[in-house]
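*Asks:* If you scroll down you'll find the structure; I have some questions about it.
The values are calculated or read from the model by the stated rules, or taken from the named source; none is laboratory data. On a predicted model such as this, the values are computed, not experimentally measured, just so you know. Please note: Cβ atoms are built from the backbone with ideal geometry, for glycine as well, and neighbour counts cover all protein chains shown.
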Amino acid sequence: MVSQSIQIKQQTKSAPWYRGASKEQWKSFWSCYIGWMLDIMDLMLFAMIIAYVGKDLGFNKGMAGMVASATLIASAFGGLVFGFLADRIGRAKSMVLSIICYSVGTALCGFSDSLTQLIAFRILVGLGVGGEWSAGAALITETWPAQHRGKVMAWVQSAFASGYALAAIVAAIVLPLLGWRWVFAVGLIPALFGLWIRRHVEEPEIWKNQKKRLSFSETIGALFGIHRKNTLIGLAFTAAAMCGYWGLFTWIPTYLGTPVSEGGAGFSLIKSTTWVVVMQLGAAIGFIAFGYVADLAGRKKAFILFFICAAVLVPLYTMVKSPLMLLILGPIVAFFGTGFYSGFAPTFAELFPTSIRATAQGFIYNTGRAASALAPMMVGFLSGNYGVGSALAMTSAFFLLAAILVFLFLPETKGRELE
C-alpha cells in the first residue's frame, strides 16, 4: 500500500486539489469539516438566545458579553492543552477528546440556574472548542500537499459558516417549541460524531514518523525560544483580527433583533434568523475564496485584502436601515469579515515544525481568540450607552490593525513544505 506521504507528493500542482486524493485524506477532510461545523454550532448557540437566557437568569447585555468572553478565554487553555495532546498522543485522538468536552459542556448549559453556573459550563465549552481546532488544523495541514493546503483548509474552514447558520436554525426551531434549555441539549449531538472519528481516522504519516515526542516543558521552550518571533507575530495579528470578528458576530443576532429605538434593526426572530443564515452564505464563500487567493497570491496579500475590506464595510453595514440592503450587504461583510479564518491554519503550519505544530497552531489561534474576549464585552457595555449599531461599527478598528500588523511583520510562507 502506498504511504500517505507518497500519495501527497503524487498530487500535482496542475490538478484540482480534490483529484487523486486518498481515502485517508478524505477521511481527515470530512472529520475536520463536520467537527468544525458542530464545534461552531455549539459555540454560537448562546449568541442566538442571549436575550432569552438573560431574561430567565437575570443578567443584562454587559453580563452576557462576559459569558461570551469567558468562553473565548477558556479556548486559549483548550488550544494549549489539547494541542499538546495532539502532538503527544495523536491528532485524531485529541480531536475526539475535545469534541466530547465541548458537547458535554454545551448540554450542561441547559441546566444552569445562575449566571455563575452558566459561566462555568461555557468555560468547559471553550476548552473543547479550542482543543478541537488545534488537533483538526494539524490533521488537515499534515495530510494534504503544500500546493493545495490553502484551498483544502479553506473548504474545511467554510464549515464555520455552516455551523453558525446551523446554530441559528436550531435556535429558531427549538426555542419556540421547548425553550432555551433544550436548545443547549442539541449540543450533545457532536459527541456521537466523535465516536466515528475514533474508529475511522488515521494519524498523519509525518506525525507517525516523528522519532521523539517532546515533553510539555520542551514544547513551551521551543514555542517561546527558537520560534518566539513567529509565535509573537502570529499572536498579534490573530488577536486583532479576532477582536474584530467576535466583537461583530457575537452581537449580530442581537443587533438584528433589537428595536430601532435602541439602535438595532428591529427584526422578528424568524426574520433575524433568515438574515443570519443568508449572511453565513457569504461567509462560506469567503472562507473558500480566501484559500484560492492565498494559494495564488500568497498568505500575506490575502490577509491584507480581507482585513482592509472588512474595516471599510463594517461601519457601512451598521449605518444601513433598509432590510433589503441589510440582506444584500450582510453576506459581503461576512465574506471579508470571516473569510480570513481560512488562512490561520496553513500559515501557522508553515511557520512551525511537526514536533510542536499542533501546540503552536492551537496556542496562537486560541490565545488570539481569548484576547478577543475583550471585544464582545466591549460591544456589550458600549451598546448600553451608544446603541448596538454604533458599538458594532467600532470593531472595524481591529480589522485595520490586523492589516497593518500583517503588512509590517508576517513572513510569506506560500508553498513551503512542512518540516
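*Asks:* Of the residues GLY179, GLY187, which single one is surrounded by fewer than 24 Cβ atoms within 10 Å (Cβ to Cβ) and not hydrophobic (A, V, I, L, M, F, W, C)?
*Replies:* Result of the check over GLY179, GLY187: GLY179.
*Asks:* Any residue at all in segment 364-384 that's in contact with a helix residue (DSSP H, G or I) (Cβ under 6 Å, 6 or more places away or on another chain), buried (at least 20 other Cβ atoms within 10 Å of the Cβ), of a type in the set (A, V, I, L, M, F, W, C) and modelled with pLDDT of 90 or more?
*Replies:* yes
*Asks:* What number goes with the only condition from (1) at pLDDT below 85; (2) more than 30 Å from ALA289 (Cα to Cα) that ALA146 does not pass?
*Replies:* Exception for ALA146: condition (2).
*Asks:* Separate question: Starting from segment 283-300, take each residue that is within 22 Å of MET37 (Cα to Cα) and list its partners that are outside any helix (DSSP H, G or I) and not aliphatic (A, V, I, L, M), counting only C-beta distances under 6 angstrom and pairs at least six apart or across chains.
*Replies:* ALA284/SER158; PHE287/SER158; ILE288/SER158
*Asks:* Could you count how many residues in segment 368-415 are among the β-branched types (Val, Ile, Thr), in a loop (DSSP other than H, G, I, E, B) and farther than 19 Å from GLY62 by Cβ?
*Replies:* The number of residues fulfilling the criteria is 1.
*Asks:* Taking LEU316, is it modelled with pLDDT of 90 or more and surrounded by fewer than 18 Cβ atoms within 10 Å (Cβ to Cβ)?
*Replies:* Answer is yes for this residue.
*Asks:* Right, here's the next one. Before we move on, is MET394 hydrophobic (A, V, I, L, M, F, W, C), in contact with a Leu (Cβ under 8 Å, 6 or more places away or on another chain) and under 19 Å from ALA240 (Cα atoms)?
*Replies:* yes
*Asks:* Where in segment 1-61 are there helices (runs of 4 or more DSSP H), lying wholly inside it, with at least 1 residues that are at pLDDT 70 or above and farther than 16 Å from SER158 by Cα?
*Replies:* Of the helices (runs of 4 or more DSSP H) lying wholly inside segment 1-61, those with at least 1 residues that are at pLDDT 70 or above and farther than 16 Å from SER158 by Cα span 23-48, 50-57.
*Asks:* Out of SER94, SER134, SER69, SER114, I need the residue that is more than 26 Å from CYS243 (Cβ to Cβ), in contact (Cβ under 8 Å) with a residue 60 or more places away in the chain and among the small types (Gly, Ala, Ser). Which one?
*Replies:* From the options SER94, SER134, SER69, SER114, the qualifying one is SER94.
*Asks:* Can you report the number of residues in segment 347-358 which are in a helix (DSSP H, G or I) and under 9 Å from ALA222 (Cβ atoms)?
*Replies:* Total meeting the criteria: 2.
*Asks:* Does LYS321 meet the test of being surrounded by fewer than 24 Cβ atoms within 10 Å (Cβ to Cβ), modelled with pLDDT under 90 and either farther than 16 Å from THR250 by Cβ or within 15 Å of the chain's Cα centre (by Cα) (or both)?
*Replies:* Taking the combined requirement at face value, the residue satisfies it.
*Asks:* If I filter segment 313-320 for residues that are part of a helix (DSSP H, G or I), touching a residue at least 24 places away in the same chain (Cβ under 8 Å) and polar (S, T, N, Q), do I get at least one hit?
*Replies:* yes
*Asks:* Search segment 152-169 for residues being surrounded by 24 or more Cβ atoms within 10 Å (Cβ to Cβ) and either on the phi > 0 side of the Ramachandran plot or not small (Gly, Ala, Ser) (or both), and hand back the single one that is farthest from the chain's Cα centre (by Cα).
*Replies:* In this case the residue turns out to be VAL152.
*Asks:* May I pose another question? May I ask you to list the residues in segment 276-299 that are of a type in the set (Gly, Ala, Ser) and part of a helix (DSSP H, G or I)?
*Replies:* Across segment 276-299, the qualifying residues are GLY282, ALA283, ALA284, GLY286, ALA289, GLY291, ALA294, ALA297.
*Asks:* Related question: Looking at segment 171-190, I want the residues that are free of Cβ contacts under 8 Å to residues at least 40 places away in the same chain and have a partner that is of a type in the set (Ser, Thr, Tyr) and surrounded by 13 or more Cβ atoms within 10 Å (Cβ to Cβ) with Cβ atoms under 6 Å, at least 6 apart or on another chain. Which pairs are those?
*Replies:* none
*Asks:* Do we find that THR347 is under 19 Å from GLY291 (Cβ atoms) and modelled with pLDDT of 90 or more in this structure?
*Replies:* Taking the combined requirement at face value, the residue satisfies it.
Table: residues versus (1) buried (at least 22 other Cβ atoms within 10 Å of the Cβ); (2) more than 30 Å from TRP26 (Cβ to Cβ); (3) without any contact (Cβ under 8 Å) to a residue 24 or more places away in the chain.
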residue: GLU203; (1), (2), (3): no, no, no
residue: GLN210; (1), (2), (3): no, no, no
residue: ALA222; (1), (2), (3): no, yes, no
residue: ARG228; (1), (2), (3): no, yes, yes
residue: LEU235; (1), (2), (3): no, yes, no
residue: GLY244; (1), (2), (3): yes, yes, no
residue: ILE252; (1), (2), (3): yes, yes, no
residue: GLY257; (1), (2), (3): yes, yes, no
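*Asks:* Within segment 388-419, take every residue that is farther than 18 Å from LEU351 by Cα and out of contact with any Phe, Trp or Tyr (no Cβ under 9 Å at 6 or more places or on another chain) and give me the one that is modelled with the lowest pLDDT.
*Replies:* Top of the filtered list is SER390.
*Asks:* Let me ask you something else. Take the residues in segment 269-281 that are within 12 Å of VAL333 (Cα to Cα) and surrounded by fewer than 22 Cβ atoms within 10 Å (Cβ to Cβ), then tell me which one is farthest from the chain's Cα centre (by Cα).
*Replies:* For segment 269-281, the residue satisfying everything is VAL278.
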